[in-house]
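Worksheet: the structure to be examined is printed underneath.
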Ligand code: 5GP
Ligand code: MN
């Protein structure tokens, strides 16, 4: 019986031209899993290029291999990226499940002759890859990359730098080991990464304690002025305008994690953040418990993701987007507030 691992092993039996890509605005899991996987493949003589569809936060730039990442820019390097995709014998797609998530590169990948391999943990993967390592039960793509390297017999080759990139992916996608996805397997993998001498507190510091002063003041402003708590639906949300982003000199990554503050309020089960990016409103959704934000986002905001963490997009103005969101809440009231309260006995 052939398995994805056996197919992958056969594919990598000789040096290959490899293209690795990940989702728009890569987070620590997207970039960390891509760079660790690139590190492993390079050790095995493959010629590897990592291409991101957009820029990513500065607090990820410490990862080994960052300097060689090609950041796609339609005006600057479209031709170069198209050629790289076209020439690749193997195309790895990490930490996303539908080609729309990699912008222009999506169609280049779809039409490319190379073998496509998906390594991902998002729900409802699009059927575009030749070899699939899709596991929505995994906490992070970095968890899957660790397992693939291990199952290929390469665990001893995981360097400190590769281990720290993988650790960063697992740490952030589990919300620092808080989310229900934090399985026994996750902790066992971290134990193995510690054997590769990763410095885990250094990774925490580089990612969580590297704010600029203005970014921290932006957080204060958002929590004081922008957070709206709607007790009727156990929902909290934040909407940020273009002008506010400009006023606080917002950089890529500066709004990451803000939505979690909304969810941290006692009794709140659904949180959202709406960010006016000019051409569209980018939305992040989070939930605790049974309410599926990936379903909500897929149904109403062209998005998707995971059960408790998803994203979407809206092409109407910020205010109208928030109005539309609020208008949707009543139909989810039962899921958001639990069983309707029985009338008190007379
Ligand atoms: P975040 O809110 O942190 O950007 O994303 C939460 C999760 O949802 C991540 O796993 C991310 O990959 C996914 N996600 C974010 N935006 C979108 C989107 O527009 N479409 C889909 N399908 N997934 C998204
Ligand atoms: Mn991920």
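Each reported figure results from applying straightforward, stated rules to the coordinates on display, with no laboratory input. Quick caveat: nothing in here was measured; it's all calculated off a predicted structure. FYI the Cβ positions are ideal-geometry reconstructions off the backbone, even for glycines, and counts take in every protein chain you see.
Couple of notes before you dig in:
- Quotient of Cα Rg and 2.2 N^0.38 Å for region 1-125, N being how many residues it contains: 0.99
- Convex hull projection area averaged over all views, region 213-337, Cα basis, nm²: 7.1
- Note on residue 103 and residue 80: the extension gain reaches 6.7 nm, defined as 0.36 nm multiplied by sequence separation minus the Cα-Cα distance.
- Rounded to 5, the percent of DSSP beta bridges in the chain classed as antiparallel: 40
- Relative contact order for region 31-120: 26 percent, from Cα pairs under 8 Å spaced at least 6 residues apart, divided by residue count.
- Its DSSP H runs of at least 4 residues, each contributing -39,500 (n - 2.57), put the calculated 222 nm mean residue ellipticity of the chain at -11500 deg cm²/dmol, to the nearest 500.
- Virtual spin-label span in nm between residue 334 and residue 295, 7 Å along Cα→Cβ: 1.1
- Rg/Rh for region 137-186, where both radii come from Cα atoms and Rh is the Kirkwood radius: 0.98
- Convex hull volume per residue for region 4-208, taking Cα atoms only, in Å³: 105
- Mean separation of Cα contacts under 8 Å, 6 or more apart, over the residue count of region 245-300: relative contact order %: 25
- Relative to the longest principal axis of the Cα atoms of the chain, helix 184-195 runs at roughly 50 degrees.
- Difference of contour (0.36 nm per residue) and Cα-Cα distance, residue 183 to residue 260: 25.6 nm
- Förster radius 30 Å - calculated FRET efficiency between residue 44 and residue 316 (Cβ-Cβ, nearest 0.05): 0.05
- GNM flexibility winner over the chain from 239, 191, 112 (Cα, springs under 10 Å): 191
- Label-point separation, residue 223 to residue 156 (7 Å along Cα→Cβ), nm: 4.8
- Computed lengthening from residue 242 to residue 64, 0.36 nm per intervening residue step minus Cα-Cα distance: 60.8 nm
- Here the Gaussian network model covers the chain, with springs between Cα atoms less than 10 Å apart; of 33, 294, 264, 264 fluctuates the most.
- Cα-based convex hull volume of region 153-275 per residue, rounded to whole Å³: 129
- Computed from Cα atoms alone, the Kirkwood hydrodynamic radius reported for the chain is 21.1 Å.
- DSSP bridge analysis restricted to region 208-341 gives an antiparallel fraction near 75%, rounded to the nearest 5.
- Over region 115-157, relative contact order from alpha-carbon pairs under 8 Å, at least 6 apart, %: 35
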